[in-house]
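A short worksheet on the structure shown next.
The values are calculated or read from the model by the stated rules, or taken from the named source; none is laboratory data. Since we're looking at a predicted model, the values are computed, not measured. Here Cβ is always computed from backbone atoms with ideal geometry, including for glycine, and neighbour counts include all displayed protein chains.
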Amino acid sequence: MNTFNRNILSAAVSAAILSLGGLAQAEDTIKIAVAGPITGPVAQYGDMQMSGARMAVEQINAKGGVNGKKLEAVLMDDVCEPKQAVAIANQIVNQKIKYVVGHLCSGSTQPASTLYEEEGILMITPAATSPAITQQGYKMVFRTIGTDDQQGPTAGRYIATQVKPKQLAIIHDKQQYGEGIAKEVEKTVKAAGIKPVLFEGINKGQTDFSALITKMKKEGVDFVYYGGYHPELGLLLRQSKEQGFDAKYMGPEGVGNKDISAIAGPASEGLLVTLPADFSADPANADLVKAFKDQKQDPSGPFVMPAYAGVQIITDAIKGAKTEDAVKLAEYIRKNSFQTPIGKVAFRDNGDLKAFEFVIFEWHADATKTPVKE
Amino acid sequence: MSDFSILEFIQQIINGLTLGSIYALIAIGYTMVYGIIGMINFAHGEIYMIGAYVGVLVITVLGLVGVDSIPLILLATLAMSILVTGSYGWTVERLAYRPLRGSPRLVPLISAIGVSIFLQNYVQLGQGARDVSMQPVLTGGWRFGPEGGFQVYLSYMQVLIAAITVAFMAGLTLFISRSRMGRACRACSEDRGMANLLGIDTDRVISLTFVLGATLAAVAGVLVSMYYGLVNPFIGFIAGLKAFTAAVLGGIGSIPGAMLGGVVLGLAESFASAYLQTEYKDVVAFALLILVLLVRPTGLLGRPDVEKV
């Protein structure tokens, strides 16, 4: 049995135990649902989110919990599919859980957020970056990560001012996240006077990109921005190298994890990725980083610290507002600021962070990354 | 879009033929089963997925023990994958379709969809839901064209895919047209009841059909795992759908039709990607299917009198 199976099993068992325990001691625990992909092609990101949230729960419990009550993390698997996300959201409603740290993919976060808004459940997503999520005018929805309209321009500005490609291609996976960010990049480079020669969508799950690569090669493309996740980009990189198409590639944080190197191998060397700043490198987080390392977990993933911050903001708000009422907590969160591992955070009225910085990294074939000087 | 380039055109044909070969190999499994028992085996895509998994596992294990001779890796992987995948094909027929023989046509169809879902989840539980990736075994290729300009690239792997596809298809054609079992297959396909009366063990023939279909799916699986190097439990769905389309396009029930359908579909996708937008490649592929079916409802080569198995 591999670790993945054990994770599922432990999630299932803990969910079962929790639901039993919940009956007996409903008053003594505060449950927080952590919803994201535990299985499926982008489960790596779910791992980051789960490990960040679990660490926060453990540490807060070790310090005596919240107002004498213990926190419980209830892990929920949405496989990053909109349908599954709604099913999970319904389960959360039925189990009377009032706080959610999740979801992860923008496409699954958006439909789930509607349900949370209607049911008065507080949701903080540590990963979904689509601007549309916070444009719905919802009161219960927050995020501890930047948005594509911050990330896209960062990438676009870098392309326009530093790379200055002769022929730029923008490719995306036609998903809410991938296409959204690709459009932001297009907008930014167009404003700087660069017109992409190609702007095209591929299919999620597509494996053969040879026709597209041939086309880009013929057009003399020397720089490609890809909006989407790593499985498709990994194959794109690999097949590009194979065909002798040597343009430089760049992608959003959805491509920045170890698997891109596992799939693309040497072809992942030199890939540019916009990621949240590496919070694990912040000296203020040294103790926390050590706690992760003691448990043999990697704190450097882009969603680990935002997930930790999500849990922490909920508990800090419960302490500060002296209530467990989710609607009142949402008001409190909007009005106050919180000291978290991702820095001191405050929210805008729509639930977005007031400030969030994306940094450009260069990816290496051994799955490490180094910041790029702008 | 800049000017038309003949070199790019040639490159797109190479791309399309490679993709089409894979489709064709899988399509034959659909078409053979349909030819004999008139049923669409929707679990066939999953059989292919299992073939791809076995491919990745065997290649990885061989890599660990230090085998680096490409012909040896290829032979061992194909043999292993055909063995495992063939026995899945046989078992699926035995458990899910044979008990339902003689029941209304919808029943085995539902059973097939059930098997497909079962196999997806079974592999997911056994191997994990994540993508399993592998570095390429065979790299390199030939380049043609002006130095510094657009060069046509033909990789060894693409040649290998085409060669293996042709070899297996020739073998299958020979088997069906020359061997005793092949004749039994043709007899069953023409009239199963009559073949039975004449002393042909039709159950055996049907089992054989499933194993043959699974064999070709295994070959496709191994080639895909070597070419793309990425498998997950869900690749069977899309590949199965495309191959099924190829089979219908070529004329379901006809083996040459499945080969032609696969190649036409591969080329159509490649050209749509090249000369329209990549977004439209599936639109073009399926529009082509509808168009062909409107003009020739039996598909490109699907004539009633055509040899079908």
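Assorted remarks:
- Candidate set: segment B:265-282, residues that are more than 9 Å from chain A (Cβ to nearest Cβ) and over 16 Å from B:Ala239 (Cα atoms); chosen: the one farthest from the chain's Cα centre (by Cα): B:Leu276
- For segment B:148-170, filtered to residues that are among the β-branched types (Val, Ile, Thr) and either within 14 Å of chain A (Cβ to nearest Cβ) or in contact with a strand residue (DSSP E or B) (Cβ under 8 Å, 6 or more places away or on another chain) (or both), the residue that is nearest to A:Asp246 (Cα to Cα) is B:Val152.
- Scanning segment A:216-232 for residues that are crowded, with 24+ Cβ neighbours inside 10 Å and charged (D, E, K, R) yields a single hit, A:Glu232.
- Any helices (runs of 4 or more DSSP H) falling wholly within segment B:1-103 and containing at least 1 residues that are in contact (Cβ under 8 Å) with a residue 24 or more places away in the chain and of a type in the set (D, E, K, R): B:6-37, B:44-64
- For B:Leu78: the one exception among (1) under 16 Å from the mean Cα position of the chain (by Cα); (2) crowded, with 24+ Cβ neighbours inside 10 Å; (3) not charged (D, E, K, R): (2)
- Strands (runs of 3 or more DSSP E) contained in segment A:132-211 and holding at least 3 residues away from chain B (no Cβ under 14 Å): A:141-143
- Residue among B:Gly262, B:Gly229, B:Gly236 that is within 14 Å of chain A (Cβ to nearest Cβ) and at pLDDT 90 or above: B:Gly262
- Some residue of segment B:285-305 being out of contact with any helix residue (DSSP H, G or I) (no Cβ under 9 Å at 6 or more places or on another chain) and either among the acidic types (Asp, Glu) or within 10 Å of chain A (Cβ to nearest Cβ) (or both): yes
- Any hit, segment A:47-64, residues being in a strand (DSSP E or B), modelled with pLDDT of 90 or more and surrounded by 20 or more Cβ atoms within 10 Å (Cβ to Cβ): no
- Considering only residues in segment A:326-374 that are within 18 Å of the chain's Cα centre (by Cα) and among the charged types (D, E, K, R), the one that is nearest to A:Asp259 (Cα to Cα) turns out to be A:Lys369.
- Checked against (1) farther than 28 Å from B:Ile255 by Cβ; (2) surrounded by fewer than 19 Cβ atoms within 10 Å (Cβ to Cβ), B:Val56 meets all criteria but (2).
- Of all residues in segment A:45-70, those being closer than 17 Å to A:Phe292 by Cβ and small (Gly, Ala, Ser) number 6.
- Scope segment B:104-131; condition surrounded by 15 or more Cβ atoms within 10 Å (Cβ to Cβ), within 14 Å of chain A (Cβ to nearest Cβ) and touching a residue at least 40 places away in the same chain (Cβ under 8 Å); matching residues: B:Gln120, B:Val123, B:Gln124, B:Gln127, B:Ala129, B:Arg130, B:Asp131
- Residue in segment A:153-163 that is within 15 Å of the chain's Cα centre (by Cα) and closer than 22 Å to A:Met305 by Cα present: no
- Checking B:Leu223 against (1) crowded, with 22+ Cβ neighbours inside 10 Å; (2) more than 14 Å from chain A (Cβ to nearest Cβ), the condition it does not meet: (2)
- Taken over segment A:238-256, the residue count meeting the criterion of being farther than 29 Å from A:Ala128 by Cβ and basic (Lys, Arg) is 1.
Results for (1) under 20 Å from A:Gly254 (Cα atoms); (2) small (Gly, Ala, Ser), shown as yes or no for each residue.
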residue: A:Tyr308; (1), (2): yes, no
residue: A:Lys328; (1), (2): no, no
residue: A:Gln339; (1), (2): no, no
residue: A:Gly351; (1), (2): no, yes
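- Test for B:Val211: is it within 23 Å of B:Ser133 (Cβ to Cβ), within 17 Å of the chain's Cα centre (by Cα) and either at pLDDT 90 or above or not β-branched (Val, Ile, Thr) (or both): no
- Those residues of segment B:233-273 which are surrounded by fewer than 24 Cβ atoms within 10 Å (Cβ to Cβ) and either farther than 29 Å from B:Ile37 by Cβ or of a type in the set (Gly, Ala, Ser) (or both), in sequence order: B:Leu267, B:Ala268, B:Phe271, B:Ala272
- Sub-9 Å Cβ pairs linking a first residue in segment B:226-243 that is on the phi > 0 side of the Ramachandran plot to a second residue that is at pLDDT 90 or above and β-branched (Val, Ile, Thr), at least 6 apart or interchain, are B:Gly229/B:Val56, ordered by first then second residue.
- Only listed residue being more than 14 Å from every other protein chain (Cβ to nearest Cβ), in contact with a helix residue (DSSP H, G or I) (Cβ under 7 Å, 6 or more places away or on another chain) and not aliphatic (A, V, I, L, M), chosen from B:Tyr23, B:Tyr88: B:Tyr88
- Listed by first and then second residue, the pairs with beta-carbon distance under 6 Å, at least 6 apart or on different chains, first residue in segment A:133-155 and of a type in the set (Gly, Ala, Ser), second assigned to a loop (DSSP other than H, G, I, E, B), are A:Gly146/A:Phe356.
- Just so you know, in segment A:217-229 the residues that are touching a residue at least 40 places away in the same chain (Cβ under 8 Å) and at the interface with chain B (Cβ under 10 Å from one of its Cβ atoms) include one that is farthest from A:Asp246 (Cα to Cα), and it is A:Glu219.
- Selection count, segment A:230-254, where residues are closer than 24 Å to A:Ile145 by Cα and either away from chain B (no Cβ under 12 Å) or among the aromatic types (Phe, Trp, Tyr) (or both): 6
- Filter result for the condition that a residue is outside any helix (DSSP H, G or I) and of a type outside the set (S, T, N, Q), over A:Lys319, A:Lys296, A:Lys290, A:Lys328: A:Lys296
- With respect to being assigned to a helix (DSSP H, G or I), modelled with pLDDT of 90 or more and more than 23 Å from A:Lys96 (Cβ to Cβ), A:Ala346 falls outside the description.
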